[in-house]
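Written out below as structure tokens is the structure these notes cover.
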Amino acid sequence: MNILYIGGGFVGSCSAAVAADSGHNVLVYDIDSEKVDKLGSGDYQQIESCLFEDGLAELLIRHKDRITFSNKYDDVIAWLETCDAVFMCIQTPEVGETGESNLKYYNLAAEQLADALAKRNSAEQSKYVLIVNKSTVPIDMVDGTAEIMNSRAVVNYGVVSNPEFLVEGKAIQGSIQPDRVVVGAWNQKDFEIMRQLYERFYVAPTVEYIEVNPREAAAGKLLANFYLFAKLSICFDVIGRTCESFDEVGFENVRKILISEKRIGNWGFYNSLYAGGSCFIKDARSLAHQLTGAGKDASLVQEVYEANKRQLSTFINRAEQEAGIEWSGKQVALLGVAFKRSTNDVRNSSSIDIVSRMQEAAVGSVSIFDPQGAEMFKQFVPNQDKLMYAHSAKDAIQDADIIIIATDWPEFANIADYISADKKRIILDGRRMLHTRYKDLVAAGHTILAVGSPIMKPE
């Protein structure tokens with residue numbers, strides 16, 4: 001099949017790469033020329049500097065004869081002559097903190113697409129084309145997409161919802177071996193086209209291929225992310241807080257007790273200073289906004305969002321109140337700026353707020369290390385005053401008075417080996433990466449403040 005992806009970000013690029021791996025011919029359109037050049041370069045380093053996702057560069061290089069990246073809309077117009085499906089992979093950010101989805105970019109892309117579709121096949125529109133909402137959109141967006149198409153006199157088309165359930169850091173693996181594929185359509189013809197497009201998954205015995213209507217598909221995406229977000233927030237705000245409040249109540253042991261209950265399961269029991277990224281926060285807020293708009297009480301959804309915000313502020317407040325930190329003039333090592341390991345995505349990273357707070361408090365300097373996220377972080381934190389970027393975690397912590405672990409990169413679990421005893425430090429472990437070494441570090445004279453534990457000070 002000939003497939004067009006509008007939007008070459010995380011979702012678009014990963015989905016397109018897997019489509020090419022499935023044997024389809026793919027064009028990815030994005031207005032960002034630098035992104036297009038890097039992703040289409042055929043070079044590992046260029047691709048990963050733009051979008052670090054395990055396996056993505058390999059697929060893009062392996063299938064370069066079937067996948068093309070372009071920022072020229074003339075290429076899109078030509079492609080639409082024989083195109084079978086158009087995947088809409090455009091960002092839908094939140095408007096402020098209202099929960100409302102900003103559909104400006106989506107609508108502009110859909111309107112431009114509609115104008116081009118109306119002219120395809122010498123304006124006869126003889127080729128049926130399927131428009132696929134891959135973006136996370138409001139539950140009734142299928143109607144909005146159709147309205148845009150109809151207003152431009154587009155005919156011979158369908159609109160379906162095919163939400164992504166990708167986990168950053170595992171997106172390629174999860175796309176090639178998904179646990180489920182969800183397709184929402186109103187008619188059998190559109191279901192049949194999507195089955196052909198996803199044939200490798202439709203016939204796979206290990207994949208749950210779920211066919212519903214478009215509104216159910218879009219709702220399922222929002223509700224899945226909310227439920228996962230809620231589990232994390234409960235872990236932070238209730239389980240972790242309980243362990244912080246009582247001596248000799250170890251988080252890891254409490255976790256073992258809880259996850260041994262099959263009805264509870266083991267996902268989401270990761271204590272952290274914050275749950276960031278592009279999905280959970282935005283989708284929970286969107287769900288609350290849509291429920292409120294429908295005249296329903298969304299207080300529980302909103303409280304999950306507030307619990308996550310509270311976690312980060314509580315962590316910083318504990319550092320100042322319990323550990324007695326005064327940031328002014330201090331040398332700080334910040335380990336991790338990506339919102340989680342295995343990605344260079346810094347959207348809603350806890351480190352953005354941490355750096356802002358330290359800069360306001362006149363910190364002496366901040367030495368930053370992240371294996372993948374540093375360059376992206378610079379774009380999200382334009383004020384680089386007092387920020388330095390180290391080449392390794394060891395270099396970052398060398399002269400630090402305060403060490404903050406903000407991302408769960410596995411290598412950070414080894415930094416205890418580099419923390420000398422000749423300088424007493426305050427270690428803020430926002431990911432419990434050092435939990436097996438807390439006693440050793442305290443014995444060496446360091447103060448430990450970790451999520452999920454009371455403060456630990458040397459005697």
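The values are calculated or read from the model by the stated rules, or taken from the named source; none is laboratory data. As the structure is a prediction and not an experimental result, all values here were calculated from the model. Positions of Cβ are generated from backbone atoms using ideal geometry, with glycine treated the same way; all protein chains shown enter the neighbour counts.
Note on the range 93-127: among residues that are touching a residue at least 60 places away in the same chain (Cβ under 8 Å) and of a type outside the set (Gly, Ala, Ser), the one that is nearest to residue 293 (Cα to Cα) is 100.
Contact map, the range 363-379: residues that are within 12 Å of residue 407 (Cα to Cα) and part of a strand (DSSP E or B) paired with residues that are aromatic (Phe, Trp, Tyr) and modelled with pLDDT of 95 or more, Cβ distance under 6 Å, separation 6+ or inter-chain. Pairs shown: 368/389. Among the residues of the range 391-407, those that are surrounded by fewer than 19 Cβ atoms within 10 Å (Cβ to Cβ) and within 22 Å of residue 52 (Cα to Cα) comprise 391, 392. Check whether at least one residue in the range 58-67 is of a type outside the set (A, V, I, L, M), surrounded by 21 or more Cβ atoms within 10 Å (Cβ to Cβ) and out of contact with any Gly (no Cβ under 9 Å at 6 or more places or on another chain), and report yes or no. Within the range 58-67, not a single residue is of a type outside the set (A, V, I, L, M), surrounded by 21 or more Cβ atoms within 10 Å (Cβ to Cβ) and out of contact with any Gly (no Cβ under 9 Å at 6 or more places or on another chain). Where helices (runs of 4 or more DSSP H) fall wholly inside the range 3-76, the ranges with 1 or more residues that are farther than 25 Å from residue 372 by Cα are 10-21.
When the range 102-127 is filtered for residues that are touching an Asp or Glu at 6+ places or on another chain (Cβ under 8 Å) and modelled with pLDDT of 95 or more, the ones remaining, listed by number, are 120, 121, 127.
Listed by first and then second residue, the pairs linking a residue in the range 200-225 that is touching a residue at least 40 places away in the same chain (Cβ under 8 Å) and loosely packed, with under 15 Cβ neighbours inside 10 Å to a residue that is hydroxyl-bearing (Ser, Thr, Tyr) and part of a helix (DSSP H, G or I), with Cβ atoms under 8 Å apart and 6 or more places separating them unless they lie on different chains, form an empty list.
Looking across the range 226-259 at every residue that is over 17 Å from residue 311 (Cβ atoms) and charged (D, E, K, R), the one that is surrounded by the most Cβ atoms within 10 Å (Cβ to Cβ) is identified as 252. Residues that are assigned to a helix (DSSP H, G or I) and either free of Cβ contacts under 8 Å to residues at least 24 places away in the same chain or under 25 Å from the mean Cα position of the chain (by Cα) (or both) were ranked within the range 390-420; the one that is farthest from residue 316 (Cα to Cα) is 417.
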